[in-house]
Amino acid sequence: MLLAFAALAILLIALALLRPVDHDESQYVAAALLTAHGLLPYKDFAYLQTPLQPYLFAPIALIAGTWTWPALRITNALLGTATIAAVHRAARIGGASTRAAIIAAALFATCDILLFSIGTARNDALPAACLALALPAIVRTARDQASRCDAVLIGLLLAAAATAKISYALPALTYGVWTLFSHSRRPWWTLLGALPFAVFTLALFAASPEGFLFGVLDFPGRAPTEWYQARPWKLSNAAKIIDTLKFLALGPALLAIVATTGRRHRWHLILDLLILAGLIAALAPVPTWRQYLLPMLPALFVRLALVWHAHPPGKAMRIAAIVFAFAGLGPTIEAVASGRIPILDAMHDAAAVRDTLDREHVTGPVATLSPQFLPGQAIDPRFATGPFYFRSTALLNADQEYQLRLVSHARMPLLGLPPAIMTGGEGAWSSGDDRIDAALATYAIREGYRAVPVPDTRFTLYVARRASPRPAPHNSP
């Protein structure tokens, strides 16, 4: 079994390196790099999630240096492997046969929701791994085999998941409430396990309350509605239902929901509650994206293993599972079918950017919507969120933007005159929007920056013109 998961890890790493560049990665790579250079999330730069990932990944950024981006993709692929392995382990502890546990874990591994989430340098893989790694202990606790160590471990892992991504707070809270209904579930020991991450989060909140509340609550609640105003259909309930069903059907998740409905032992209740909490967390934001559904999947596939152990699937269900599995693999196969290695192309571009910065003697911060292409010391902290705050128009006023170290395209004059501005990384090719990158280029040209194309790339560096030296005074005879 260990060799099988090692082979799986190698496959997932390969898929992560073959997956195209996505502009969603910008803020997570930048946050790891800036934290590695000693800056504090929320206080020194904006971060639009709960705070754990930049701190856990900062040592990776310190070691990897200019290769931080692919290193984070590899890290997430390994976390994905751990997530799948934990689902298998939890199913076995729950009483599923080896065969049923392997089938359920394998089907989980074909879900597009999972494959996308662990194939990029986003913040989905870490909390999913924390949640899944808690499931074996959760299953033991649900079967009245709880120990103090299990309770502390569950609290620690669920709190870590919520501290990495806020949507995991609802499953964590759901489990905490469930423990209160039986002393044998050791609720106080679970709370003790959660305390270190609660204290960690409170400390960062105390360092910058305004920045924390904006990044963790305000921005996720208001920014999507503002951005999609021109496409109101995307914000409708009908779109949410269609998108959710589509994402679940790209892989066996929808089939697993159908297969597990109404079939459970009494102790399976906590798995059902975790699945429901994950689904509610996914549906709360607008619009709903595939990675939002990941919190519900680990418990769902543990349930599937338990159900199929007790009631083996018939021929029609087995055929349907194969069909849905191939459907889940389809988007990943399409994404990696180019034959190129996009992350290596991106690192070639990043090296060309560094060479151009050196050649132009640019040492100060560079304003760009694509900070993942820059070395950490060159990132302008005001652009740590990549394109995601810059494209907003009215989330903050001018004073708030200054205080929280942010710049929106609606207030370009507040950008001032940084030593350099870089464009080219935000566009349709990176699932982004060319228009907002063009707005940054227009500002640079209007302010008299000198355009320097980065050789053999799509990037352009705009370098501030040096002030003309003042004439030396002289005395007339």
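Here residue 54 meets each of (1) part of a helix (DSSP H, G or I); (2) in contact (Cβ under 8 Å) with a residue 40 or more places away in the chain; (3) touching a strand residue (DSSP E or B) at 6+ places or on another chain (Cβ under 9 Å) with one exception, condition (2). For residue 268, the conditions (1) free of Cβ contacts under 8 Å to residues at least 12 places away in the same chain; (2) part of a helix (DSSP H, G or I) are fulfilled apart from (1). In region 219-227 there is no residue that is hydroxyl-bearing (Ser, Thr, Tyr), in contact with a Phe, Trp or Tyr (Cβ under 8 Å, 6 or more places away or on another chain) and assigned by TED's automatic domain parsing to the domain that holds residue 282. I'd like to know if region 309-317 contains one or more residues that are over 27 Å from residue 17 (Cβ atoms), touching a Leu at 6+ places or on another chain (Cβ under 9 Å) and part of a helix (DSSP H, G or I). Yes, region 309-317 contains at least one residue that is over 27 Å from residue 17 (Cβ atoms), touching a Leu at 6+ places or on another chain (Cβ under 9 Å) and part of a helix (DSSP H, G or I). Looking for something closer than 16 Å to residue 116 by Cβ and in the same structural domain as residue 231 (by TED's automatic domain parsing) - is there at least one such residue anywhere in region 304-319? No, region 304-319 contains no residue that is closer than 16 Å to residue 116 by Cβ and in the same structural domain as residue 231 (by TED's automatic domain parsing). Tallying residues that are modelled with pLDDT of 95 or more and of a type outside the set (Val, Ile, Thr) within region 457-472 yields 4. Can you find, within region 218-246, the residue that is surrounded by the fewest Cβ atoms within 10 Å (Cβ to Cβ) among those that are aliphatic (A, V, I, L, M) and touching a residue at least 12 places away in the same chain (Cβ under 8 Å)? Looking at the filtered set, the residue picked out is 235.
Checked against the criterion of being at pLDDT 95 or above and surrounded by fewer than 22 Cβ atoms within 10 Å (Cβ to Cβ), the candidates 130, 149 yield just one match: 149.
The values are calculated or read from the model by the stated rules, or taken from the named source; none is laboratory data. Everything numeric here is computed off the predicted structure, so don't read it as measured data. All Cβ positions, even for glycine, are placed from backbone atoms using ideal geometry, and neighbour counts span all protein chains on display.
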